[in-house]
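Chemist: Here's a structure for you.
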Amino acid sequence: MPYDVIIIGGGIAGLSTAVRCTELGLRPIVLEKGKTADYPCNARFSGGIVHVAEKEMRAPMTDILAKIDHLTNGSGELAKIMASDAEKALDWLRLNGAKFIKGGAIELMRWVLAPPRPRRPGLDWKGRGPDMLLQNLTAKLEGGGGILEHGVRGSKLIQEAGKVVGVGGERDSREVEFYGRAVVICDGGFQGDAELVRRFISSKPDTLFTRGAGTGCGDGLRMAEALGARLVGTERFYGHLLGREAFNNEKLWPYPTVDAIARSAILVDSAGKRLFDEGRGGIYLANEIAKLDDPLSICVVFDDEVWNGLAADNRYPPCMNPAFVNEGGTVYGDNSLEALGQQIGIPGKVLAETVADYNRALEGGTLENLEPIRTTGVVPAHPIKTAPFHAIELCAGITYTMGGLAIDDQCRVLDANGVPIHGLHAAGSATGGIEGGPNAAYLGGLSKAVITGLRAAEHIAKCQP
């Protein structure tokens, strides 16, 4: 049976697209490879914070644009749709069953999906705000005449006379095909596919910790690329710094993250040397670590003042101190930097010299002369002087990839010449060109999914005969 719209992926981007289609009189079908009603996806695993560029969704558009320009160094032209549609997306979510609370004093936490996740480490998503939102959107979809088809994994896009008219795939080991007037790729990023991660992000994908659901395997990206779609920004991802023991301890992910400590202290490699500008934040640092020949070679070094100050800050719960240690994470400590270096397997004398150079630059106001430079425009740098000194072994935790299919401001997928591929749209983390770039600019995964999903649905409805 033909449909008006075929949507690949049942995360928040896919369901938002589908529900908006039903509101506009279209008949959509969502193809979701998960086989159960509570299929895992990144939206369900998320903290439920809905924002754009860390600005609240009702902030003046000029303020959001200014923050986007700051994060992207003025290169985020496509990202402007995030500023223009933020309040509209929030209102649409509330009309479709989303409940919100104010999650904290900082602006980023103004709109948190309710009920919120508990303020403790580990993964606890069932019945929380994002899970309830997806349940509500599913009910709205089916109540509006749409269909959510479980257990279908797409493998090819079907074209007729230059127009995408269907999706071929597999269900229960059988080939299936679905036909419609338009197709929207909403199956998330490619963080769950080692081959694509190796191709674009890291030569050692097994050393990156999958911090999200890991269900985004780039199926839609591959299908569209086979038709000549252009890819953009595929080298960047949204993620955080985690304790390396997350690989063996499920209580140490997706929270607590080590970002707040790392961006205020120093990161050193196995030789005891700094490699990165820590002041650019945890998401940037996770991306840079992923590029290394050995992404599991980095430790963060800090002092006791940071451990009992920033690490205990409850603005981003759960805080590191004491949650990380209570759940089995190791924080090395010693009154001597030389001895601390021995504990983490790096030359203690070199570590002490690196710390001394950093402290002198900080005290003398010459951080810009360090190699690499240490910026302070986002967060201040803290000296490493108060014993005992501490260290945590790090890994890069990847949540979702920021790059993907090139789209225009109507979410139409573009080919290598920048021309829309007739009948093909994309939304959410399957798209590229909104987030990422040199700064690994993170603008908000949930808001991006909803904003692009609504735009795709509205453009399809406008162009229907």
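Chemist: Restricting attention to region 72-90, report how many residues are within 24 Å of Ile283 (Cα to Cα) and either aliphatic (A, V, I, L, M) or crowded, with 22+ Cβ neighbours inside 10 Å (or both).
Modeler: Number satisfying all stated conditions: 7.
Chemist: In region 205-230, which residue that is acidic (Asp, Glu) and in contact with a strand residue (DSSP E or B) (Cβ under 9 Å, 6 or more places away or on another chain) is surrounded by the most Cβ atoms within 10 Å (Cβ to Cβ)?
Modeler: Restricting to residues being acidic (Asp, Glu) and in contact with a strand residue (DSSP E or B) (Cβ under 9 Å, 6 or more places away or on another chain), the top hit is Asp219.
Chemist: Could you check, for region 59-71, whether at least one of its residues is assigned to a helix (DSSP H, G or I) and open to solvent by less than 30 Å² (accessible area, probe 1.4 Å)?
Modeler: The answer is yes; a qualifying residue exists.
Chemist: Let me ask something else. In region 236-245, is there at least one residue being surrounded by 23 or more Cβ atoms within 10 Å (Cβ to Cβ), aliphatic (A, V, I, L, M) and over 26 Å from Ile147 (Cβ atoms)?
Modeler: Within region 236-245 (the criterion being surrounded by 23 or more Cβ atoms within 10 Å (Cβ to Cβ), aliphatic (A, V, I, L, M) and over 26 Å from Ile147 (Cβ atoms)), the answer is yes, since at least one residue qualifies.
Chemist: Identify all residues within region 136-177 that are of a type in the set (A, V, I, L, M), more than 28 Å from the chain's Cα centre (by Cα), more than 13 Å from Ile7 (Cα to Cα) and open to solvent by less than 60 Å² (accessible area, probe 1.4 Å); write none if there are none. Break it down stepwise before answering.
Modeler: Residues of region 136-177 of a type in the set (A, V, I, L, M): 137, 139, 141, 147-148, 152, 157-158, 161, 164-165, 167, 176.
Then drop every residue that is not more than 28 Å from the chain's Cα centre (by Cα), which leaves 158, 161, 164-165, 176.
With the extra rule that they be more than 13 Å from Ile7 (Cα to Cα), the set shrinks to 158, 161, 176.
Ile158, Val176 - these are the residues of region 136-177 that are of a type in the set (A, V, I, L, M), more than 28 Å from the chain's Cα centre (by Cα), more than 13 Å from Ile7 (Cα to Cα) and open to solvent by less than 60 Å² (accessible area, probe 1.4 Å).
Chemist: A follow-up question, please. Can you tell me which residues in region 436-454 are in contact with a Ser or Thr (Cβ under 9 Å, 6 or more places away or on another chain) and open to solvent by 10 Å² or more (accessible area, probe 1.4 Å)?
Modeler: Those that are in contact with a Ser or Thr (Cβ under 9 Å, 6 or more places away or on another chain) and open to solvent by 10 Å² or more (accessible area, probe 1.4 Å): Gly437, Pro438, Asn439, Gly445, Leu446.
Chemist: Considering Glu23, Glu32, which residue is in contact (Cβ under 8 Å) with a residue 60 or more places away in the chain and surrounded by fewer than 22 Cβ atoms within 10 Å (Cβ to Cβ)? Outline the logic, then answer.
Modeler: Values: Glu32 fails: surrounded by fewer than 22 Cβ atoms within 10 Å (Cβ to Cβ).
None of the other options fit; the residue is Glu23.
Chemist: Looking only at region 386-404, which residues are of a type outside the set (D, E, K, R) and either more than 18 Å from the chain's Cα centre (by Cα) or open to solvent by 10 Å² or more (accessible area, probe 1.4 Å) (or both)?
Modeler: Thr386, Ala387, Pro388, Phe389, His390, Ala391, Ile392, Leu394, Thr399, Tyr400
Chemist: Look through Leu93, Leu123, Leu108 and report the one residue that is outside any strand (DSSP E or B) and open to solvent by 40 Å² or more (accessible area, probe 1.4 Å). It would help to see each step written out before you state the result.
Modeler: Numbers: Leu93 fails: open to solvent by 40 Å² or more (accessible area, probe 1.4 Å); Leu108 fails: open to solvent by 40 Å² or more (accessible area, probe 1.4 Å).
Going through Leu93, Leu123, Leu108 in turn, just one is outside any strand (DSSP E or B) and open to solvent by 40 Å² or more (accessible area, probe 1.4 Å): Leu123.
Chemist: Here's another thing I want to ask about it. If Leu133 passes every condition in (1) touching a residue at least 24 places away in the same chain (Cβ under 8 Å); (2) open to solvent by less than 10 Å² (accessible area, probe 1.4 Å); (3) farther than 16 Å from Ser46 by Cβ but one, which one does it miss?
Modeler: (3)
Chemist: Here is a list: Lys55, Lys67, Lys88. Which entry is in contact with a strand residue (DSSP E or B) (Cβ under 7 Å, 6 or more places away or on another chain) and in contact (Cβ under 8 Å) with a residue 12 or more places away in the chain?
Modeler: When all the criteria are applied, what remains is Lys67.
Chemist: Given the structure, is Glu363 out of contact with any Ser or Thr (no Cβ under 9 Å at 6 or more places or on another chain), without any contact (Cβ under 8 Å) to a residue 40 or more places away in the chain and over 23 Å from Leu292 (Cβ atoms)?
Modeler: yes
Chemist: Please find, within region 297-339, the residue that is modelled with the highest pLDDT out of those that are among the small types (Gly, Ala, Ser), in a helix (DSSP H, G or I) and open to solvent by 20 Å² or more (accessible area, probe 1.4 Å). Reasoning before the result, please.
Modeler: Step one: of region 297-339, the residues among the small types (Gly, Ala, Ser) are 297, 309, 311-312, 323, 328-329, 333, 336, 339.
Retained after the next criterion (residues that are in a helix (DSSP H, G or I)): 311-312, 323, 339.
With open to solvent by 20 Å² or more (accessible area, probe 1.4 Å) added as a condition, the list becomes 312, 339.
Numbers: Ala312: 92, Ala339: 98.
Filtering first and then ranking leaves Ala339.
Chemist: For region 189-204, which residues satisfy the criterion of being under 15 Å from Arg236 (Cβ atoms) and either in contact (Cβ under 8 Å) with a residue 40 or more places away in the chain or open to solvent by less than 20 Å² (accessible area, probe 1.4 Å) (or both)?
Modeler: Gly189, Phe190, Gln191, Leu196, Val197, Phe200, Ile201, Ser202 - these are the residues of region 189-204 that are under 15 Å from Arg236 (Cβ atoms) and either in contact (Cβ under 8 Å) with a residue 40 or more places away in the chain or open to solvent by less than 20 Å² (accessible area, probe 1.4 Å) (or both).
The values are calculated or read from the model by the stated rules, or taken from the named source; none is laboratory data. A quick note: this is a predicted structure, and the numbers were derived from the prediction, not measured. Because the Cβ atoms are built from the backbone with ideal geometry, glycine has one as well, and the counts that use them run over all protein chains shown. Side chains included, ligands, DNA and RNA excluded: accessible areas come from the protein's heavy atoms. Shrake-Rupley method; radii C 1.70, N 1.55, O 1.52, S 1.80 Å.
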